Amino acid sequence: MNELRDAVRDKYTERALNIAGGGSGCCDSDCCGEISDSAGCGYSAAELASVGFDPKASLGCGNPTLLADLRPGEAVLDLGSGAGLDVLLSARRVSPGGHAFGVDMTDEMLSLSRDNQRKSGLGNATFLKGTIEEIPLPDAAVDVVISNCVINLAADKTAVLREAFRVLRPNGRFAVADMVALNEISPFLKRQLDLWAGCISGTITVADYRQALEKAGFADIEFEITREIGVPQSEEKIASAYIRARKPAAA
Ligand SMILES: C[S@@+](CC[C@H](N)C(=O)[O-])C[C@H]1O[C@@H](n2cnc3c(N)ncnc32)[C@H](O)[C@@H]1O
């Protein structure tokens, strides 16, 4: 698990440095490769402009802020916040009175996100260093957990979902864009660290994802497949999906 996490950190360090140098964070063959087509990922040009964000710095596979129905005064947490787009958009939506947090393990991504926050002029956002398997926030700290193309990268998805459940308040919402597998990913593919870090070989099936969410305690679980992607030179199929769930009021 540590080897996988190190491979993911190395990959996203490289991508953050590329973005900082004026390039794109995307590779052309992985799930993140089409994000610069911002319309395809659900961000309008006006929305991107509202936080002064360059779409080349986004590495997501959807727009989780669309799902979450954010309201003024709420607290939001983005798991794996990258260059910070979803945190900054959330900060705008929960204003006045609300706050948006991002957590990321890669120093270079945190540095980009803090620069982007300075440029946006938004004061109600905080980027925290940490892993999504051990979120650096207390229990019941937020109303909404969002994430964009990150949970598939975690070797221990059970730990991530348990942590997401812990930091949510009762009745809190989980609203995530992620990659899922439409058939089982072969053990051979799973061992390819590069494909893991490129959001391909770490994906799990919808059934396994649902089971992991149920095991963590979530209710009202819904999956919506948004875009199917073939894996080059293999039988495997993956897709981007929107995933919604709720922490029960009595939990
Ligand atoms: C595919 S990028 C997505 C970034 C951002 N959500 C977006 O939409 O642009 C994955 C991000 O998650 C971070 N990440 C991956 N695994 C992580 C983990 N286990 N804990 C914390 N951050 C992680 C990486 O550093 C990277 O910034």
Calculated [θ] (222 nm, deg cm²/dmol) that DSSP helices of n ≥ 4 give over the chain, each run adding -39,500 (n - 2.57) | -9500 deg cm²/dmol
Protection proxy ranking of 51-61, 154-164 - average other beta-carbon atoms within 10 Å, highest first = 51-61, 154-164
Count the lysine pairs in the chain whose Cα atoms lie under 24 Å apart, taking only pairs 8 or more positions apart in sequence or on different chains.
-> 16
Length-normalised contact order of segment 125-251, Cα under 8 Å, at least 6 apart, in percent, tallies to 28
Hey, can you rank 209-217, 95-103, 140-148 by average C-beta count inside 10 Å, highest first?
-> 140-148, 95-103, 209-217
For the chain, divide the Cα radius of gyration by the Kirkwood radius and give the resulting Rg/Rh value with two decimals.
-> 0.93
With no solvent and one point per C-alpha, what does the Debye sum give as log10 I(q)/I(0) for segment 122-197 at q = 0.12, 0.16, 0.24, 0.26 Å⁻¹?
-> -0.42, -0.69, -1.23, -1.35
Which whole-number percentage describes the relative contact order of segment 2-246, with Cα contacts under 8 Å and a sequence gap of 6 or more?
-> 18
Mean Cβ-within-10 Å packing, highest first, puts peptides 124-134, 234-244, 186-196 in the order 234-244, 124-134, 186-196
Ala207 and Asn183 label points (each 7 Å along its Cα→Cβ direction) are spaced in nm at 1.4
Counting Lys and Arg as +1 and Asp and Glu as -1 over every other residue whose Cβ sits under 14 Å from the Cβ of Val180, the net charge comes to -2
Cα-Cα pairs of segment 39-159 separated by more than 17 Å (percent) = 51
By Cβ neighbour count within 10 Å, fewest first, Lys247, Lys119 rank Lys119, Lys247
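We did not get these values from a lab; they are worked out from the coordinates using the rules stated. Given the structure is predicted, the values throughout are model-derived calculations rather than measurements. Because the Cβ atoms are built from the backbone with ideal geometry, glycine has one as well, and the counts that use them run over all protein chains shown.
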